[in-house]
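What follows is one structure encoded as structure tokens, with my remarks underneath.
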Ligand code: IMP
């Protein structure tokens, strides 16, 4: 039983993703020439994007992981954003790149940037796979992103839906059939 049976349509296919992520890696490589940035993966949704992005950056870099909770398995944010797992290192005097799957309302990254800026990094920027600009409620500086998408709930390429957190393994970015949301 393939998870694709729950998919209404593919919004962004894997080849388009590959090209954009690779181009973003090249851009970061040239913007951070002679630097050793710290790339922070926001789990779990960014894991697949993160794995591809860091391999397309040709720089000495380090990686860290953070877990933030906000969606609690549904399609709508709760706005009660909580830190579940913090970084394991100091970011003082480091160039930090936060790698996020989607910037939606902006509340998650707004809180995250504020938290990290208190720790005196040299700089903090966001690299997002997807930007839902039309949904923004708080202003956040999204320095890098791969795609601007319409107001659709998407899954795949690391992003999930539901209590069981399914669909992260789909190589494409997809929109689910309406009945899948309705059954949750
Ligand atoms: P924000 O705080 O509203 O910007 O929410 C950002 C977070 O919500 C992302 O990191 C995702 O985890 C989640 N999110 C927002 N839109 C989607 C979606 O379409 N699919 C899956 N997760 C989403």
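Computed from the coordinates by the stated procedures, all read-outs in this text should not be read as laboratory data. This one's a predicted model, so the numbers in the text were calculated from it and none came from an experiment. Note: ideal-geometry Cβ built from the backbone for every residue, glycine included; neighbour counts use all protein chains shown.
Counting beta carbons within 10 Å around each of 35, 137 and listing the fewest first gives the order 137, 35.
Based on Cα contacts under 8 Å between residues 6+ apart, segment 9-73 shows a relative contact order of 40 percent. In terms of its C-alpha gyration tensor, segment 1-130 comes out oblate, because a/c is 1.5 or above while a/b does not outweigh b/c.
Helix 14-31 axis versus longest C-alpha principal axis of the chain: approximately 10°, rounded to the nearest ten.
Apply the a/c threshold of 1.5 to the C-alpha gyration tensor of segment 51-184 and tell me whether it is rounded, prolate or oblate. Intermediate results must be reported in sequence, preceding the final value.
Values: a/c = 1.81, a/b = 1.57, b/c = 1.15.
It is prolate, given that a/c is not under 1.5 and a/b is the larger ratio.
Using Cα pairs closer than 8 Å and at least 6 residues apart in sequence, work out the relative contact order for the chain, in percent. If you can, show how the numbers build up before the last one.
Numbers: 363 pairs, mean separation 47.1, N = 184.
RCO, the chain: 26 percent.
Hey, with R₀ at 41 Å, roughly what FRET efficiency would residue 90 and residue 16 work out to, going by the Cβ-Cβ distance, to 0.05? It would help to have the intermediate numbers written out before the result.
Values: r = 37 Å, r/R0 = 0.91.
Computed FRET efficiency for residue 90 and residue 16 comes out at 0.65.
By DSSP, what percent of the beta bridges with both residues in the chain are antiparallel, rounded to the nearest 5?
Within the chain, antiparallel bridges account for around 35 percent of the total.
Using only Cα atoms and rounding to the nearest 10 degrees, what angle (0 to 90) does helix 107-117 make with the longest principal axis of the chain? Its long axis makes an angle of about 20 degrees.
Counted by neighbouring Cβ atoms within 10 Å, the residues 38, 59 run from fewest to most as 59, 38.
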